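Report on the following structure.
The values are calculated or read from the model by the stated rules, or taken from the named source; none is laboratory data. What you see is a predicted model; the values in this text were computed from it and never measured. Reconstructed Cβ throughout: ideal geometry from the backbone, glycine too, with neighbour counts over all protein chains shown. These accessible areas exclude ligands, DNA and RNA; they are computed on the full protein's heavy atoms, side chains included. Shrake-Rupley method; radii C 1.70, N 1.55, O 1.52, S 1.80 Å.
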Amino acid sequence: MKEELFNKKVSGWENISEENKQNIFKFSDEYIYFLNKVKTEREAVSFTKKMLDENSFRNINELEAIKPGDKVYYINRDKTIYAAVIGEEKLENGLNILGAHVDSPRLDLKPNPLYEDNGFAYLKTHYYGGIKKYQWTAIPLSIHGVIVKANGEKISVCIGEDEEDPIFTITDLLPHLAMEQMDKKLKDGINGEDLNVLVGSIPTDDKDASEKIKLNILMLLNEKYGIKEKDFVSSELEIVPAFKAKTLGLDKSMVAAYGQDDRVCAYTTIRALLDVNAPKRTAVCILSDKEEIGSCGNTGMESHVFDMFISELLNKSGENRPNLLEKVFCNSKMLSADVDAGLDPIYASVSEKNNAALIGHGIGLNKYTGSRGKSGASDANAEYVAEVRSIFETEGIPYQVSELGKVDVGGGGTIAYILANKGIDVIDCGVPVLSMHAPYEVTSKFDIYCAYKAYHAFIK
Ligand code: MN
Ligand code: MN
């Protein structure tokens, strides 16, 4: 009876076939390649555009009309991308949507970042998203982003990823002299204004000049990029860990990398979309920006650009009529593809073991997120949860239903509520992660492959 009645929890690796294991490892190698090419939202969008272009997707702006089977995408300001495979049914009947985000916690350069102090040149930063500041000192860092000159010329920057490139770092105090620092609360151990990136120490030869090290750095930047100090004000330069994404563990079962929240779900949703041809309902993928700071701004999910994209689908399919967009949304279904907090045995006290996502046990479903009594959660309806689990059970995809930590221990949110507010049925569905938001995050290769399978089953 126990065998029949219990909701069993088993590791996906148990009794796994050699063939399945090889599929999982091969997929993960491709994912690791992606992570090593992509460390910012802009890089994620341009990599994704390339994948879509190579798989006969077209920019919707170039098309006069669309028909079932067509594959289209729209790029919003190089930081968000929406892609769709047009289904046989009318759009009016609703869409099947996967929504992930491609921004990750990091340090952004301030508008006036460069200064010199006692023999060193530094770049000042303002952190982006929820970070533990102490994790960002004494690690190798790289600089990624764009500088846009007043004449509109856009310069791409990526320093610290190639083997020959220099890297950067933020120094920390030696333990010998850190008595006062060590007595502080962990959150106050490193001051936000002290997250200054070390970038140089050689002065120019001009003995009459002041700030000779800063001058030397500006001369190098001017030589390489043709920029002046003022051009920093119209730049978006992001400081990210220079670590390579790698296979983790003697058994090679996991992936360690920066930015897996949420590029693990972004990559698997796009891979799922590439494998969809002529679906019944139109399949849509969202790769959003600004999730880590509240989904605000014109590239965040709160903006109306996504509505505009769906309106374009309605216009170009010839289906549109007044107020049809709201109806499309009310008939739509979505997996909010964002990572889940995996149970970490070292910090097990923050998780409730019956309702925690376990690494290597399959894709995680979060019926609700939020904090302090589900506040801010869209909380999926039981009917919809049944529909989603039925897809996974039919397709034999391992899944687990969990919540983010113990009651009142903390909380969090995703883009789910924003789409739910439009009338869409939505549930969070993603890969469990250890060390979430740290410079080096951990996932299980088993769960990554499950995510791809689950997303594919949902949209096909
Ligand atoms: Mn996330
Ligand atoms: Mn996050």
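Quick notes on this structure:
- Taken over region 400-415, the residue count meeting the criterion of being away from ligand 2 (no atom under 13 Å from the Cβ) and touching an Asp or Glu at 6+ places or on another chain (Cβ under 8 Å) is 5.
- D338 satisfies every condition listed in (1) among the acidic types (D, E); (2) surrounded by 23 or more Cβ atoms within 10 Å (Cβ to Cβ); (3) at pLDDT below 95 except (3).
- Only one entry of G160, G192 meets the criterion of being surrounded by fewer than 13 Cβ atoms within 10 Å (Cβ to Cβ), within 30 Å of A245 (Cα to Cα) and under 27 Å from the mean Cα position of the chain (by Cα), and that entry is G192.
- Scan of region 284-317 for residues that are away from ligand 1 (no atom under 16 Å from the Cβ), open to solvent by 30 Å² or more (accessible area, probe 1.4 Å) and of a type in the set (A, V, I, L, M, F, W, C), ordered by number: M308
- Residue in region 362-385 that is open to solvent by 40 Å² or more (accessible area, probe 1.4 Å), part of a helix (DSSP H, G or I) and away from ligand 2 (no atom under 16 Å from the Cβ) present: yes
- Residues in region 412-431 that are more than 17 Å from P105 (Cα to Cα) and either aromatic (F, W, Y) or part of a strand (DSSP E or B) (or both): Y417, D425, V426, I427, D428, C429, G430.
- Within region 39-64, residues that are open to solvent by less than 60 Å² (accessible area, probe 1.4 Å) sit with their Cβ atoms under 8 Å from residues that are part of a helix (DSSP H, G or I) and among the small types (G, A, S), at 6+ positions apart or across chains, in these pairs: A44/A266; T48/A266.
- Any hit, region 290-312, residues being in contact with a strand residue (DSSP E or B) (Cβ under 7 Å, 6 or more places away or on another chain), aromatic (F, W, Y) and in contact (Cβ under 8 Å) with a residue 60 or more places away in the chain: yes
- Hits in region 402-438 - residues which are touching a strand residue (DSSP E or B) at 6+ places or on another chain (Cβ under 7 Å) and within 19 Å of Y267 (Cα to Cα): T414, I415, A416, I427, D428, C429, G430, V431, P432, V433, L434, M436
- Residue count, region 1-32 (criterion: free of Cβ contacts under 8 Å to residues at least 40 places away in the same chain and of a type in the set (S, T, Y)): 1
- Criterion applied to S351, S332 was being touching a residue at least 24 places away in the same chain (Cβ under 8 Å), closer than 19 Å to Y384 by Cβ and of a type outside the set (D, E, K, R), and the one residue passing it is S332.
- Those residues of region 203-247 which are within 17 Å of N112 (Cα to Cα) and part of a loop (DSSP other than H, G, I, E, B), in sequence order: E211, I227, K228
- Taking the conditions (1) open to solvent by less than 10 Å² (accessible area, probe 1.4 Å); (2) touching a helix residue (DSSP H, G or I) at 6+ places or on another chain (Cβ under 6 Å); (3) not hydrophobic (A, V, I, L, M, F, W, C) in turn, Q260 satisfies each one other than (2).
- Taking the numbered list (1) over 30 Å from N354 (Cβ atoms); (2) open to solvent by less than 30 Å² (accessible area, probe 1.4 Å); (3) small (G, A, S) in turn, G12 passes all entries but (1).
- Listed by position, the strands (runs of 3 or more DSSP E) inside region 55-135 whose residues that are closer than 30 Å to R281 by Cα number at least 1 are 71-76, 80-85, 95-101.
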